[in-house]
């Protein structure tokens, strides 16, 4: 379709002209990700108000053969929501709280609700919705679910997909699947919700969800710990996990370079421990029980760990303000890295038992590949998930450093693959890691994914070209309508995958 | 295929003749479920030793157009593993423990490992594999995963699918998907494992899995509680959940008739509470923490609940033996029900907030439908999952009672559907609930399930006729190779779905 005017008029007649945006000024915020490096293009941004409206738009686009890219808060980092032609469907107006059921410990929300608003609604009902990440003030729950977001609460509560009881989804042909059940046990046929969770808007558009709520912790304690090595961090983690059980709600890791640049650039940041250590961890324990105090629990855990030689030093936050300050040291890492020049970032996971080996091997290999390179590794140690970020050598030319992006991807991802890890732990695949996925994934797995895409979106209307490279069908005999799957003619040629990947280099994996 | 001899010779040449069973005596245990009421038929039972052997069998059967029905411990109750022709593929020889990684808190097992052996291997490594159900001494983990088994530990640890990190699966064409990753975070493409978990061997055959392990509780406390009503049970549950958080590891429910027949028929059973109550609950709390004692925690919880008027009476087990005796009262319910004559059983779930309404409404409707009927409702209250079982009126003819099976299914399942519940909470669909699923499921959901079946098993080789009724394709345009999907000619006519359903009446949903 070269002239979308008939489609746009059709959409405007149904949604109202005010909700079919075509002015470049209105489109601009939808064409780049948070840091503005990649650029997409679109005919229009449409803003339906409800599920029926979303279904109408998808049906109209399917009939016209025009791609639909869903956007929530547009806070992703892998280009998953970036349009490459077609229509951007903003879920922002579907922002209603449909129901809260504190007895069932569930909440029913529309896809466009801002994550912080979901948390607040849970809190008002006296419960906890645990999903928490840096962009929670602007990201929207539909995006969190369609990317299976991770964040800082995964250790105790799981990934976004683990927090979902039911979904409402608009399918590629505009039909609506109403799977909004709030059940803890349901084996009535195949589990459809997991198909859409984490599929980055390529198999269906999530319009609403029933989410799990949890008892709200009444007390938490946060400690900043100095350690002799990554191996020591692992030993400490094991002990805390065994002793604290589900009360251990965070175990985050920071290398010395990371702490150093936070202290250098973050306004008001204060050194949490007197001495210098080879590694640092932020430890949090929480309790829902009114008969105990998390601080007392943490004191006992740390005292026993120190007596066992598992940690070098530890500071236990004496107040909620100090606890927040410790967390801020961890959470400002992505931001302060910018002050140290360009970065090449990796969002990887390995089995926890191999995490020290990964850190050692990847650090050694990257430092050997470029003298002066500074490894800024940090992240969700307890989940086996590290943001293995590389800061450029001091004084090096920014562009020259970024030109090494593919080389470092190869070094780091080869090590990850050798350790049976994942090259896309919590940020998804989108556009940026699509070809990396094609390189590292089991060919049978890739073929299964393509079969699912073909079965659920035979016209390749939903977010085409994301996650899977449509040009590489390994087993065409298994694919429904291969001619339609390969329908990349719907994607306008400029601003395609290659361009997006190369200009997005420094922005991969910055979400924490 | 009317003469399978060439296929069987081909299989025997590869697997060894000793592992291609055709003697009726050898076949017999594979043709009925535990209680022997339904009967299937098969050409042969084949017993490959490893994944390669499973792949060989599936490939050979796919080429010959012969259905394959996988069996693990054959402990199901909905006819999911019952052959209706074709080949039974026993996973029993794939019973190796491949790896234990206590640091990563994971264990890699083959599909044929008996659940109790998986539990034991975890325990030897100082960890807990929490999946626990009545048949754990004979059911096999591959069956637990392919049916997404529930059981008594769901409240704290989730269903079987929630305990899985990775899978190895033989696909319908004999290819092997190696998804045996042990990662807590992995967003590298679509999540394929959830497709196979709970699909009852209709989309692929699980041959191995990486499972999550948990810190082993060091202390547990069990109480038997007398309550004024189901509403009171719910109020007590809410309070315990809020106060104990993840330490609350079980909350099971029993109606007075249930306790009465256990005390009547179970050897050695002793009345746990002096008085009679309108409802009973078994409550368990566990702790992984060496610095506290579950008994002390439970005493505090019960004292506060009693002071708040939430419970009428409670007995706290004074020893491990007494704790086991309390659990035995709950776990022997299915067994003792047999002594009261024929049963019509339902395995349903509703949102927890609607559970008292369900119990009241369904009890009233069933009692009104047949004077003298005795409702034996019990189960996993905290999960919203009740085994809503009906014992025949005293003295009534057994067959006359069972003839009312469909009538009671309609009464109970209509109420469940009206409360947004599930007619198949933890036992799956198989053959027995296939037509009930077709009746109650959202048509769009059914169509999606059929699209998945068609995409992953276009030849309809894997466990045909289970879960989905292949004769009802609602949206044939979405289905790949509809001619093959409808290929029910592979199923021999005798012993088909109708016969199986009618003679399986009293055996639905007896697993707890």
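The values are calculated or read from the model by the stated rules, or taken from the named source; none is laboratory data. Nothing here was measured: the structure is a model prediction, and the numbers come from that model. Neighbour counts run over all protein chains shown; Cβ positions are idealised from the backbone, glycine included.
Some notes on this structure:
- Which listed residue is modelled with pLDDT of 95 or more and more than 17 Å from the chain's Cα centre (by Cα), from B:83, B:130: B:83
- Condition check for residue B:118: closer than 28 Å to residue B:286 by Cβ, assigned to a helix (DSSP H, G or I) and touching a strand residue (DSSP E or B) at 6+ places or on another chain (Cβ under 9 Å): yes
- Some residue of the stretch B:454-462 being at the interface with another protein chain (Cβ under 7 Å from one of its Cβ atoms), surrounded by fewer than 22 Cβ atoms within 10 Å (Cβ to Cβ) and modelled with pLDDT of 95 or more: no
- Residue in the stretch A:109-129 that is without any contact (Cβ under 8 Å) to a residue 60 or more places away in the chain and either under 26 Å from residue B:150 (Cα atoms) or within 12 Å of chain B (Cβ to nearest Cβ) (or both) present: no
- Scope the stretch A:428-446; condition within 18 Å of the chain's Cα centre (by Cα) and at the interface with chain B (Cβ under 7 Å from one of its Cβ atoms); matching residues: A:428, A:429, A:437
- Condition met for residue B:282 (surrounded by fewer than 22 Cβ atoms within 10 Å (Cβ to Cβ), away from chain A (no Cβ under 14 Å), touching a residue at least 12 places away in the same chain (Cβ under 8 Å) and more than 30 Å from residue A:303 (Cα to Cα)): no
- The one condition in (1) surrounded by fewer than 18 Cβ atoms within 10 Å (Cβ to Cβ); (2) away from chain A (no Cβ under 14 Å) that residue B:304 fails to fulfil: (2)
Here's the yes/no breakdown for (1) modelled with pLDDT of 95 or more; (2) over 17 Å from residue A:103 (Cβ atoms):
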| residue | (1), (2) |
| --- | --- |
| B:334 | no, yes |
| B:346 | yes, yes |
| B:349 | yes, no |
| B:352 | yes, no |
| B:355 | yes, no |
| B:360 | yes, no |
| B:365 | yes, yes |
| B:377 | yes, yes |
| B:390 | yes, yes |
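- Taken over the stretch B:181-200, the criterion of being more than 8 Å from every other protein chain (Cβ to nearest Cβ) and not in a helix (DSSP H, G or I) is satisfied by B:200 alone.
- Residue B:405, sole failed condition from (1) touching a residue at least 24 places away in the same chain (Cβ under 8 Å); (2) more than 14 Å from every other protein chain (Cβ to nearest Cβ); (3) out of contact with any strand residue (DSSP E or B) (no Cβ under 7 Å at 6 or more places or on another chain): (3)
- Count - residues of the stretch B:285-304 that are in contact with a strand residue (DSSP E or B) (Cβ under 9 Å, 6 or more places away or on another chain) and not in a helix (DSSP H, G or I): 8
- Count of the stretch B:380-397 residues which are free of Cβ contacts under 8 Å to residues at least 60 places away in the same chain and within 14 Å of chain A (Cβ to nearest Cβ): 2
- Residue match in the stretch B:338-348 (condition: touching a helix residue (DSSP H, G or I) at 6+ places or on another chain (Cβ under 8 Å), in a strand (DSSP E or B) and within 14 Å of chain A (Cβ to nearest Cβ)): yes
- Condition check for residue A:131: in contact with a strand residue (DSSP E or B) (Cβ under 9 Å, 6 or more places away or on another chain), part of a helix (DSSP H, G or I) and assigned by TED's automatic domain parsing to the domain that holds residue A:13: no
- Residues satisfying the stated conditions in the stretch A:165-180, i.e. at the interface with chain B (Cβ under 9 Å from one of its Cβ atoms), surrounded by 22 or more Cβ atoms within 10 Å (Cβ to Cβ) and assigned to a loop (DSSP other than H, G, I, E, B): A:171
- Hey, residue A:269 assigned by TED's automatic domain parsing to the domain that holds residue A:230, closer than 18 Å to residue A:258 by Cα, touching a helix residue (DSSP H, G or I) at 6+ places or on another chain (Cβ under 6 Å) and in a strand (DSSP E or B) or not: no
- Across the stretch B:357-379, the qualifying residues are those that are within 14 Å of chain A (Cβ to nearest Cβ) and out of contact with any strand residue (DSSP E or B) (no Cβ under 6 Å at 6 or more places or on another chain), and the one among them that is surrounded by the fewest Cβ atoms within 10 Å (Cβ to Cβ) is B:357.
- Failed item, numbered, when residue A:239 is tested on (1) at pLDDT 95 or above; (2) within 20 Å of residue A:157 (Cα to Cα); (3) crowded, with 21+ Cβ neighbours inside 10 Å: (3)
- Residue A:274 being touching a helix residue (DSSP H, G or I) at 6+ places or on another chain (Cβ under 8 Å) and over 30 Å from residue B:157 (Cβ atoms): no
- Residue match in the stretch A:315-337 (condition: free of Cβ contacts under 8 Å to residues at least 60 places away in the same chain and not in a helix (DSSP H, G or I)): yes
- Residue A:138 being away from chain B (no Cβ under 12 Å), surrounded by fewer than 21 Cβ atoms within 10 Å (Cβ to Cβ) and either in contact with a helix residue (DSSP H, G or I) (Cβ under 8 Å, 6 or more places away or on another chain) or in contact (Cβ under 8 Å) with a residue 60 or more places away in the chain (or both): yes
- Qualifying residue in the stretch B:495-509 (condition: assigned to a loop (DSSP other than H, G, I, E, B), at pLDDT below 95, surrounded by fewer than 23 Cβ atoms within 10 Å (Cβ to Cβ) and touching a strand residue (DSSP E or B) at 6+ places or on another chain (Cβ under 9 Å)): yes
- Extreme residue, farthest from the other protein chains (Cβ to nearest Cβ), among residues of the stretch B:153-164 that are in a loop (DSSP other than H, G, I, E, B) and surrounded by fewer than 24 Cβ atoms within 10 Å (Cβ to Cβ): B:153
- Options A:104, A:144: the member that is buried (at least 20 other Cβ atoms within 10 Å of the Cβ), assigned to a helix (DSSP H, G or I) and in contact (Cβ under 8 Å) with a residue 12 or more places away in the chain: A:144
- Residue list for the stretch B:85-101, filter: part of a strand (DSSP E or B) and more than 14 Å from chain A (Cβ to nearest Cβ): B:87, B:88, B:89, B:90, B:97
- Residue check for residue A:47: under 30 Å from residue A:338 (Cα atoms) and buried (at least 18 other Cβ atoms within 10 Å of the Cβ): no
- Residue match in the stretch B:220-232 (condition: within 12 Å of chain A (Cβ to nearest Cβ), surrounded by fewer than 23 Cβ atoms within 10 Å (Cβ to Cβ) and either part of a helix (DSSP H, G or I) or in contact with a strand residue (DSSP E or B) (Cβ under 9 Å, 6 or more places away or on another chain) (or both)): yes
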